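For reference, the structure discussed in these notes is given below.
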Amino acid sequence: MSGFARRLGGIPWREIAGEAFSRVFLVAQAVCAFHVVNAHVCSFALVMGPSMLPAMNLAGDVVAVDLVSARLGRVASGDAVLLVSPEDPRKAVVKRVVGMEGDAVTFLVDPGNSDASKTVVVPKGHVWVQGDNIYASRDSRQFGPVPYGLITGKIFCRVISFPLYYGSFICH
Amino acid sequence: MAGPWPLLRSFLRNCVAGTLVLVTVNDRYASVVPVRGTSMNPTLESQQGDRALVSRLCLDARYGLSRGDVVVFRSPTEHRSLVVKRLIALPGDWIQVPAAQEIRQIPVGHCWVEGDNPDVSWDSRSYGPIPLGLMQGRVTHIVWPPNRIGPVERKMPEGRVMQR
């Protein structure tokens with residue numbers, strides 16, 4: 001028994017604890033670094049659905065999102081952006097910015113059925129977003145201008161595009 | 001032999017690591033923000049230099065915000081500034097707007113925010129309901145100055161909101 005105790009006492013507990021702590025701290029640092037890059041610099045998103053056809057396809061594209069320029073206010077008309085849906089805060093959607101604050105935007109109220117159009121002026125601090133596919137998109141034409149603060153980032157490149165036959169498979 | 005470089009390098013490395021950890025904790029768990037303006041008197045007082053503890057855990061997965069919470073959100077008119085107000089109504093609720101003498105329903109995904117000091121507060125009564133996506137966190141405690149340390153209570157105006 002005393003031999004066992006002596007052996008137990010001989011184990012360098014202090015060194016082991018120090019080593020374990022430094023390893024854990026290293027992993028924590030890596031996780032934090034990933035979070036900081038993912039939340040402030042650049043992240044990736046999977047885009048699906050018909051609303052951004054033909055720029056982004058139906059089956060799903062993985063796109064890279066630039067978070068810095070949105071934070072600095074460098075988003076301009078014509079940019080495709082990732083934004084938090086104003087109708088459901090848990091959902092992110094991709095749309096194209098059509099008008100910035102102060103712009104007058106003219107849009108078709110019910111494309112496909114009538115030619116009626118409407119013009120609105122975008123209020124301060126808001127943007128007007130629309131899907132590229134105006135026939136199948138739920139956007140500012142329904143819910144009005146959205147606050148700039150909902151924009152998470154600007155989409156700057158497509159990373160992976162899933163093949164078209166996969167899309168037609170989903171479609172039918 | 002190597003001069004002061006190893007020391008400087010380890011110092012810089014620790015600085016970077018500390019910043020990363022701090023930013024992550026700030027973003028995901030809690031942060032401390034100074035309060036400016038008088039719109040939340042007497043709950044939060046900027047004259048006394050109040051610092052508020054903002055919990056961000058309520059934003060995860062399901063939005064754990066309830067009526068009466070003091071919340072921090074991005075201003076709907078100026079995206080760079082954060083605003084602190086009291087959350088009055090959630091989606092689907094009916095609210096009576098004091099100035100307009102009307103009752104309106106909060107649209108889906110939106111909420112109604114008002115300051116505790118209605119005379120000076122610039123809030124939903126002027127710009128209408130705001131999207132829940134602008135929320136940045138919930139104020140749980142005052143952490144500074146020492147004589148004002150304490151939790152921030154949940155409070156609701158009487159008889160103005162019909163809950164869904």
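The values are calculated or read from the model by the stated rules, or taken from the named source; none is laboratory data. Keep in mind the model is a prediction, meaning the values are calculated, not measured. Backbone-built Cβ (ideal geometry, glycine too); neighbour counts: all protein chains shown.
Of all residues in the range B:30-40, at least one satisfies being more than 10 Å from chain A (Cβ to nearest Cβ), within 30 Å of A:PHE25 (Cβ to Cβ) and either among the small types (Gly, Ala, Ser) or in a helix (DSSP H, G or I) (or both). The range B:53-164 holds strands (runs of 3 or more DSSP E) entirely within its bounds, and those carrying 2 or more residues that are aliphatic (A, V, I, L, M) and closer than 20 Å to B:TYR29 by Cβ map to B:70-74, B:82-89, B:135-144.
Residues that are in contact with a Lys or Arg (Cβ under 6 Å, 6 or more places away or on another chain) and either buried (at least 16 other Cβ atoms within 10 Å of the Cβ) or at pLDDT below 90 (or both) number at least 1 in the following strands (runs of 3 or more DSSP E) confined to the range A:1-89: A:61-66, A:80-84.
Every residue, every condition in (1) exposed (fewer than 12 other Cβ atoms within 10 Å of the Cβ); (2) under 13 Å from the mean Cα position of the chain (by Cα); (3) free of Cβ contacts under 8 Å to residues at least 60 places away in the same chain, yes or no:
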position: B:LEU8; (1), (2), (3): yes, no, yes
position: B:LEU22; (1), (2), (3): no, no, yes
position: B:VAL33; (1), (2), (3): no, yes, yes
position: B:ALA52; (1), (2), (3): no, yes, no
position: B:LEU82; (1), (2), (3): no, yes, yes
position: B:ALA100; (1), (2), (3): yes, no, yes
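Is there a residue in the range B:114-130 that is surrounded by fewer than 21 Cβ atoms within 10 Å (Cβ to Cβ), over 20 Å from B:SER46 (Cβ atoms), acidic (Asp, Glu) and away from chain A (no Cβ under 14 Å)? Scanning the range B:114-130, I find no residue that is surrounded by fewer than 21 Cβ atoms within 10 Å (Cβ to Cβ), over 20 Å from B:SER46 (Cβ atoms), acidic (Asp, Glu) and away from chain A (no Cβ under 14 Å), so the answer is no. When residues in the range A:25-41 are screened for being touching an Asp or Glu at 6+ places or on another chain (Cβ under 9 Å) and either more than 7 Å from chain B (Cβ to nearest Cβ) or at positive phi (or both), 2 of them pass. Scan the range A:107-130 and tell me whether some residue there is crowded, with 22+ Cβ neighbours inside 10 Å and touching a residue at least 60 places away in the same chain (Cβ under 8 Å). Within the range A:107-130, not a single residue is crowded, with 22+ Cβ neighbours inside 10 Å and touching a residue at least 60 places away in the same chain (Cβ under 8 Å).
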